[in-house]
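So the structure is just underneath, and the comments pick up after that.
Read-outs: derived from the displayed coordinates by stated rules, not from any lab. Quick caveat: nothing in here was measured; it's all calculated off a predicted structure. Here the Cβ is made from the backbone with ideal geometry for all residues, glycine too, and neighbour counts use every protein chain on show.
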Amino acid sequence: MADAADPAAGQNPKVAGNHVPEPWAGADGEVAEEEFEYEDEEEEELDEPAAAALEREKVQSVFRRLSSDPVGIRVHDVIIRGNAKTREELIEAEVADLIRSATTVQDLLSAAAEASARLRGLDVFEAVNITLDAGPPELPGTTNVVIEVVEPSIPISGNAGVYSKPEAKAWSLEGAVKWKNLAGYADIWDASVAYGWDQTTEVGVGVSLPRFKSIPTPLMARASLLSQDWLKFSSYKERLLGLSFGLLSTRHHDLSYNLTWRTLTDPSRLASTSIRRQLGHNLLSALKYTYKIDERDSHIRPTKGYAFLSTSQVGGLWDNKGLKFFRQEFDVRAAVPFGFWNAALNVGVGAGVILPLSRGFMNSSTPVTDRFNLGGHSSPVCSLGGISSLLGFRTRGVGPTEPRRLVPGESEDGSPAVPGRDYLGGDLAVSAFADVSFDLPLKLFRDAGIHGHAFLTAGNLAKLSEGQYKNFSLDEFRRSFRSTAGVGIILPTKLFRVEVNYCYILKQSRHDSGKTGIQFSFSSPS
C-alpha cells in the first residue's frame, strides 16, 4: 500500500492520510502490472538502504502515473469509523454520493479533499481522516474509502469578549456557550448573552442543523429577547421578543422568517412628535433574503478580492398596521494590493432604501426602528452588511432630526427649556469609503499584526416617506454628503480588534453630531 498524502495535499493541503491501493487497475479493468514490477524472488533478502530505495521507487512510479494519465478506479464501499455519537446516515448524506461519483484516482483524490472539507465544516469533529484502501481481491480496480472522524471529548465550548458595534451596540460585554452534536445530527445548540452599558441587553437561545432526514438544506431556529436604549439619540427604548427560522441556507443564499413582538416606550416623556406616533407594541412578521459573495483573502485585513451583498426584506406579512414595508440594501467591496509594505486599497459602496407598502404608501410612515442610520465607531473595512459606519460621527448622529417636546425649565427668562433633537433615521441611505492599510516600519509591530491605515468615509440620509419624496432633490442630496478623513493604528487581538483613529470632519450639517479628534473602537474580530 502506497501513501498518497503528497498528491492529495497538492490539491488540498488540509487532506492528509489518503492511501492509494496498489497495483492499479487500468481503464479496462485489468491489473496494470507493467507499471509496478515486484520481485518474485522473495527469498532474496535486501539490506535496509536497498529496501528503502525500492520503496521510494514504487511510490515515485505511482506519482508519475497519477501525473501523466487518468487511472480508472471504482469505489466499492465507504466505511465510516469513529462516529460514536454522530449518526452514520448523516455522514453518508454529506459525502457518500460525492465519493462514489469518482471514476478515476485523480477524481477520487479531489472528491476526498472536498468530502473532508464538508465534514470539517459541520464543526462537530476535531479531525477528519480519509484513507483509500484496496478493494476485495476478486474485484480488481476497486477501492474502499475509509472515513475516520474524531469527535471531541468535551462537546461544550464558550467564548466572551468586549466589543463595540455600529448602530445597535456602542460598548457591550458578550458571551456565548455552544453544545455540539447533542442529538447526533451535527446539531449545534447555543445560548448567548450581551450586556451593553446603559444601552443594550440581549439573551438568545438557538439550534442549527446542517441537514435533517431528507431535507438537504440547513435548518435553524432561534428565540431571543433584546432590549435597546435609544433615549439619548431618539427618545425611545425598544424591546424585542422574537422567533427566527432559517428556511434556506447555502454558500451564497440565505432565506429566513422572523416573528417579533416589538414594544417602544418613552420613559423620558420628551419624544418628538414623529417618535410618539410609533410608541406602543406591534407584531412584526418579516421574510428576509440575503445573497452574498465574499472572495476577499481576509475579513480582518483584506489585501485582494471582492465582495457583494444584497439583502431584501418584506415586513408586515400579516398586514400589521404601520409595519408593512419593503427594505433593500446593497454592499459592494473590493481590495487591490499595491505590492509593497503589504499595502492595499479597500473601497466600498453601500446603498439602501425602505418604502412603506400600505395604501397611499408614499404618504405613510416607515417604522423608525427599521430605517437606516449613519455614524458609529466600527471599522467600515471589516463589516459586510450594507450601509457602513461613518467614522468621526456619533452613533445615529447623522440625518433627519426633529425637536423634542418642550418642557418647563428654570431658565432666567422663564421660557421652556429645549432638551434637544431626536434623530429619526432615513428612508434612503448611501455610504462609501476608501481605506489604505500598510505595515509599520518596526518589525515588532509587523510580527504582532499591528499596522496603520488612512481612510476617507462619506455618506448621507434622506427621508422619502410621509410625502417627503416631493421635496427630494438629487443635486441637494449629493451636495449634502457628510465626509470624514483620518489616519489610525490597528491592534488586532484574539478577543477584539482595537482601532485608534484621528478623525477630521470634512463636512457635516447643522444638527449632525460629529467631532474632530481621537476616536477609539473595539470591534469583534470575526
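Basic side chains Lys and Arg get +1 at the Cβ, acidic Asp and Glu get -1 at the Cβ, and with that the dipole of the stretch 238-291 about its Cα centre reaches some 140 debye. What FRET efficiency, computed as 1/(1 + (r/R0)^6) with R0 = 56 Å and r the Cβ-Cβ distance, is obtained for Lys85 and Arg359, rounded to the nearest 0.05? With a Förster radius of 56 Å, E is 0.50. Other residues whose C-beta falls under 14 angstrom from the C-beta of Leu264 contribute a net charge of +2, scoring Lys and Arg +1 and Asp and Glu -1. Residue pairs exceeding 32 angstrom between C-alpha atoms, taken from Lys292/Lys515; Lys178/Lys324; Lys178/Lys443; Lys178/Lys288; Lys58/Lys304; Lys292/Lys463: Lys292/Lys515; Lys178/Lys324; Lys178/Lys443; Lys58/Lys304. Modelled spin labels at Phe472 and Ser101, positioned 7 Å past Cα toward Cβ, are 4.5 nm from each other. Length available on full extension from Trp261 to Val150: 0.36 nm per residue minus the Cα-Cα distance, which gives 35.7 nm.
For Asp187, nonlocal amide neighbours, meaning residues 5 or more places apart or on other chains whose placed amide H falls under 5 Å from its own, are Asn181, Leu182.
Extent along the principal axes, Cα only, for the stretch 204-338: 52, 48, 26 Å, with the longest axis given first.
Residue separation times 0.36 nm, minus the C-alpha to C-alpha distance between Lys443 and Leu241: what's the value?
Values: separation 202, 0.36 × 202 = 72.72 nm, distance 4.98 nm.
Result: 67.7 nm gained on full extension.
Put a dot 7 Å past the Cα of Trp179, heading toward its Cβ, do the same for Phe481, and the two dots end up 5.2 nm apart.
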